[in-house]
1. In the stretch 129-173, which residues are surrounded by fewer than 20 Cβ atoms within 10 Å (Cβ to Cβ), under 22 Å from Leu208 (Cα atoms) and of a type in the set (Asp, Glu)?
2. What residue, among those in the stretch 203-234 that are under 25 Å from the mean Cα position of the chain (by Cα) and surrounded by fewer than 16 Cβ atoms within 10 Å (Cβ to Cβ), is farthest from Val108 (Cα to Cα)?
3. Quick check on my filter: what residues within the stretch 181-202 are crowded, with 19+ Cβ neighbours inside 10 Å and either assigned to a loop (DSSP other than H, G, I, E, B) or at pLDDT 90 or above (or both)?
4. With the structure loaded, tell me whether Leu168 is outside the structural domain of Arg63 (by TED's automatic domain parsing), within 24 Å of His75 (Cα to Cα) and at pLDDT 90 or above or whether it fails that test.
5. If I filter the stretch 115-165 down to residues being over 17 Å from the mean Cα position of the chain (by Cα) and among the polar types (S, T, N, Q), which single residue comes out as modelled with the lowest pLDDT?
6. Filtering the stretch 75-114 down to residues that are among the β-branched types (Val, Ile, Thr) and either outside the structural domain of Leu205 (by TED's automatic domain parsing) or part of a loop (DSSP other than H, G, I, E, B) (or both), which residue is modelled with the highest pLDDT?
Amino acid sequence: MLLANTISGRILFHSVIKIRPMKTLGSRIAHYREKAGLSQAALAKACGWKSQSRIGNYEKDAREPNLEDIAKIAHELKVDPAALLLPGASPSNISIAAQPTKSFRYPVVSWVAAGAWAEAVEPYPAGVSDTYEFSEYDSKGPAFWLTVKGDSMTAPAGQSITEGTLILVDTEAEVAPGKLVVAKLPDSNEATFKKLVSDGGRLFLKPLNPSYPIEAVDENCRIVGVVVQALQKFY
């Protein structure tokens, strides 16, 4: 559209450019995704999600992402999370909290029981799981997330790991009494999540819930890995 102004007998024409502001979070995600040259499916896969519909719903504002998902999307699009959260955000008009210099992605590999011996899997390299979670922890060896089932690690007070918590297991972290571990019987595919304790020169697997019995560690039991982080989600 052209506008005409008369100044000192001259007609000046000014072009008016229509700009569509990115008013919603979804429109900003779509903008930066397209700018990065990624499809919805490619972005979803990079974030560790099975379906592109998750990105599609975010971009249509049919579903609101939580802060963790926003951080994942921003990481893959190589933008600051503030650029997605706030319209017109830039280094000149917003102060951003310091972000971790590194983030590591580990697969969520299987269910593990915190209450009794239950099905689990041997650790395996990243890249073979459809679901991933991020962590600032740099593992010493192959690492993976497991989702806790049962309440044997739910304590009435103090340290407590509730059902549904994701635990990050490092298979080469140092094993020592006092640490939380995932243990496995070598002749089966059974595992449990407990606290490793020492008493009278012997090792035991102790639940944090006093209602459950303590298991002795013998030659038939080995430690799969040490739990180095616990992550709870509320959605």
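The values are calculated or read from the model by the stated rules, or taken from the named source; none is laboratory data. These numbers were taken from a predicted model, which means no experiment stands behind them. Don't worry about glycine lacking a Cβ; one is built from the backbone with ideal geometry, like all the others, and counts go over all protein chains shown.
1. Hits for the stretch 129-173 are Asp151, Glu163.
2. Out of the qualifying residues, it is Phe234.
3. Applying the first criterion (crowded, with 19+ Cβ neighbours inside 10 Å) to the stretch 181-202 yields 181-184, 191-196.
Scanning the stretch 181-202 gives Val181, Val182, Phe193, Lys194, Lys195, Leu196.
4. yes
5. Checking each candidate, the answer is Gln159.
6. Taking the stretch 75-114 and keeping what is among the β-branched types (Val, Ile, Thr), we get 79, 94, 96, 101, 108-109, 112.
Within this subset, residues satisfying the condition of being either outside the structural domain of Leu205 (by TED's automatic domain parsing) or part of a loop (DSSP other than H, G, I, E, B) (or both) are 79, 94, 96, 101.
Details: Val79: 88, Ile94: 41, Ile96: 44, Thr101: 54.
Looking at the filtered set, the residue picked out is Val79.
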